[in-house]
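The values are calculated or read from the model by the stated rules, or taken from the named source; none is laboratory data. Keep in mind that what you see is a predicted model, and the values were worked out from it rather than measured. All Cβ positions, even for glycine, are placed from backbone atoms using ideal geometry, and neighbour counts span all protein chains on display. These area figures cover heavy atoms from the full protein model, side chains too; ligands, DNA and RNA do not enter into them. Shrake-Rupley method; radii C 1.70, N 1.55, O 1.52, S 1.80 Å.
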Amino acid sequence: MENRWNDADAQAAVTHYGARGVSETLALRVYTSRLIGGDPALVLHGGGNTSVKGQACDARGDPVPVLYVKGSGWDLASIEPQGFPAVRLEPIRALRGVRQLSDEAMVNALRTHLLDASAPNPSVEALLHAYLPHRFVDHTHADAILALVDQPEPEACCREVFGERLAVLPFVFPGFPLAAIAMEAFERDPEVEGIVLINHGLFTFGETARESYQRMIRYVQLAEDALAQATPAGRPRGFQVRENLYVPSSEEVAGAATVIRGALATQDENAPGGWRRTLLHYRTSEAIRAFVDGSGLRDYARRGVATPDHIIRTKNLPLVLPPLEPDHGDPLAHLSDVCRAAVTSYLSDYRAYFQAGVRNSGQDKVMLDPMPRVILLPGAGLFAAGASENAARIAGDIYEHTIGVIADAERFGRYTPLDALRLFEMEYWSLEQAKLGSAAEKPFARQVALITGAASGIGAATALAFAREGAHLVLLDRDEAGLAEVARAAEGRGVGAVTVSCDVTDAEAVEAAFRQAALRFGGLDVVVSNAGRIWQGAMAEVEPAALRESFELNFFAHHTVAATAVRCFRRQGTGGQLLFSASKSAFNPGAKLGPYALPKAAVVALMKQYALDYADIGVRSNAVNADRVPTALFGEGVLEERARARGLSVEGYLSGNLLGRVVRPQDVADAMVMLARAERTTGAVLPVDGGNIAAAPR
Ligand SMILES: [Zn+2]
């Protein structure tokens, strides 16, 4: 455990925040909080909390003693001074005299005594921070501490490692009850430098930011040393690799991702396309493989979370799948069967846990989404699931650390976390659920859209339109710089975007792009086949090679993309949709534009064929016929030539439609999104041309 305190950095923080009117005390509180938050072996994703006691001015300008404590919604890694709401210290310390305090009453009391009425809610541990007399208090869920406190006899382990310098407390529910017993422990021995919480984590205190932080590092180091000493080299018990384990290829892992994503989807008439989907994020490493490949996986992976806080991100238990079996014909088809059966049994176990929890707590609760958040595939790695890519990544990060904790705990003794019934209270605790927020989802949240020709023009506009609707994106083009720019703009709208440099006429490159999508997001729901280029010339004079080249890009590539998409849709089993950029020239060809118009006419036929052939698996197929949209398609003088071919000026050509308005890329993008939302429309062509009766579908 590295002590990352640095005098120069600490001074720089004091100077930086001092210039903004922040006291030295609070500046140093921010500095060491960020040191803690920046080390994932100490806290992860909003976990842990810190505080400092100081003075602030009330409305009359009089100084009042306050507790600056981490506000909920802030992450220690990136916290700022305003992430520490100031709460009047005296009135909240006085709550110690109260015998019982409900969560709602505690939150209300804390909010009532804020100096700034608009500040975020103080941490649920604010009372514990307030009661202790020390100026600085730090709290983490360090991996090494968890490996020691999740043991069958954790008190004895902690005594042996930490001696008398830390108080050791049994698991008590966070908030008011924990604050009360922590204070009693401190009063029994005011010399202690911190408190170890069984099945939970570690608090340290000090008179300075540095002292409290250094104590945190020192005790975590002691835990790491104890684990290292007690650890026989090699794999822990139960981690011997299972016999005859089949290790899937990366193609099979990508296929498995789509199968798993499909198995985690639930039919829901109110959800887009009738399915409530999930995003899936795959990762693997040597440590993950050692864990998932172990013959005892079903035992050690199914004992529960390392610290209660994690349950809202990962659920208490992962879904453990059997390895792929190549002897069963198509291993992915077999996986699909076993995966669906495993999900069904996971859900019935969860329902039983929920009912037991409700009986035990005596309170009525509404069941949360019961789907697993972590899925383990022996021979491969872990898949983390969530409503967004970010939620899935958080679950993945937390579980990767859980793997380390379980491995260390098993080497040291036996991993023994808190039992499920007590965790139920944490999972269903309103103050924990509040951390997840409940913003309304956008129409394409939980969906993934792949767009070809996405670096510019209609493709780029379509990508951003789907991003606006909440879809995560897979962007294909040969223009990498253009793709990067579109991806940045999409990420600015809060969605994940993966870019793939890809020539869509290369079937293998298209396959590889779909595999990347599967490993990054778990699969695909919308595929916009858009890449195209104009070839001109009178038919009898066109070089046969040029005509074939145009067909390769303007027809066959659309088919390759659609066929690859259908294979992915079939594995997911949740329908899907194909959107083609055709052209008005499919219906109303222009003079000397045959090499472009012919394949585009074929694309409309292709779209209808896909609509016919795959409606039975819920796939919809539609096309947009755009016309005269000023994009790179019209570069290199093509626009001028097309205008001339119609006997018009460039301006007259662009606005030469019934409405007399120039059609923009975003108009075409909006039509794509509209078709994607038209859930009972398939086999349709939607013109976006400002009105052109000669080109109207018939
Ligand atoms: Zn905690």
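Below 11 angstrom from the Cβ of Leu146, what's the summed charge of the other residues (Lys, Arg +1; Asp, Glu -1)?
-4
Under 15 Å from a label point set 7 Å out along the Cα-to-Cβ vector of Asp327, the amide N atoms of the range 243-262 belong to 243-247.
For Leu245, no residue 5 or more places off, or on another chain, has a built amide H under 5 Å of its own. Note on the chain: helix-only mean residue ellipticity at 222 nm, from DSSP H runs of 4+ residues weighted -39500 (n - 2.57) and normalised by residue number, equals -13500 deg cm²/dmol.
With all protein chains in place and ligands, DNA and RNA left out, the 1.4 Å accessible area ranks Leu245, Leu418, Leu115 as Leu115, Leu245, Leu418, largest first. Bridges between two residues of the chain, per DSSP, are antiparallel at a rate of about 50%.
In this simple spin-label approximation, Ser118 and Arg548 carry label points 7 Å from Cα along the Cα→Cβ vector, and these lie 6.8 nm apart. Expressed as a fraction of 2.2 N^0.38 Å, the value expected for a compact globular protein of N residues, the C-alpha radius of gyration of the range 534-686 is 1.12. In straight Cα distance, which lysines are under 22 Å from Lys600, not counting same-chain residues fewer than 8 positions off? Filter leaves Lys584, Lys592, Lys608. Backbone amide hydrogens, once placed in the peptide plane, bring Ile198 within less than 5 Å of Leu169, Phe171, excluding anything fewer than 5 places away on its chain.
Straight-distance candidates among the lysines for linking to Lys365, with alpha-carbon spacing under 21 Å and chain neighbours fewer than 8 residues away dropped: Lys315, Lys435.
The share of accessible area on the chain that comes from carbon and sulfur is 51 percent, using a 1.4 angstrom probe.
In the full protein context, the chain carries 41 Å² of accessible surface per residue, based on a 1.4 Å probe and ignoring ligands, DNA and RNA. Return the whole-Å distance between the Cα centroid of the range 540-576 and the Cα centroid of the range 351-380. That distance is 44 Å.
Put one equal scatterer on each alpha carbon of the chain, apply the Debye formula with no solvent term, and list log10 I(q)/I(0) at q = 0.10, 0.11 1/Å to two decimals. Scattering profile of the chain, log10 relative to I(0): -0.99, -1.10. One decimal place: the segment Ser295-Val247 gains 15.8 nm when fully extended, by the rule 0.36 nm per residue minus the C-alpha distance. Using the Karplus relation 6.51 cos²θ - 1.76 cosθ + 1.60 with θ = phi - 60°, the per-residue 3J(HN,Hα) values for the range 204-217 come to 10, 9, x, 7, 10, 4, 5, 4, 5, 5, 5, 5, 4, 4 Hz, with x marking Gly and Pro. Label-to-label distance for Glu269 and Asp419 is 4.2 nm, based on points extended 7 Å past Cα in the beta-carbon direction.
Using 0.36 nm per residue and subtracting the Cα-Cα separation, the extra length available between Ala19 and Met367 on full extension is 120.4 nm. Electrostatic bookkeeping for Val486 treats Lys and Arg as +1 and Asp and Glu as -1; over the other residues with beta carbon under 12 Å from its beta carbon, the sum is -3. Taking 24 Å as the straight-line reach from the Cα of Lys53, the lysines in range (excluding those fewer than 8 positions away in the same chain) are Lys70. Computed from Cα atoms, the angle from the helix 480-491 axis to the main principal axis of the chain rounds to 50 degrees.
The heavy atoms of Asp337 offer some 100 square angstrom of accessible surface to a 1.4 angstrom probe.
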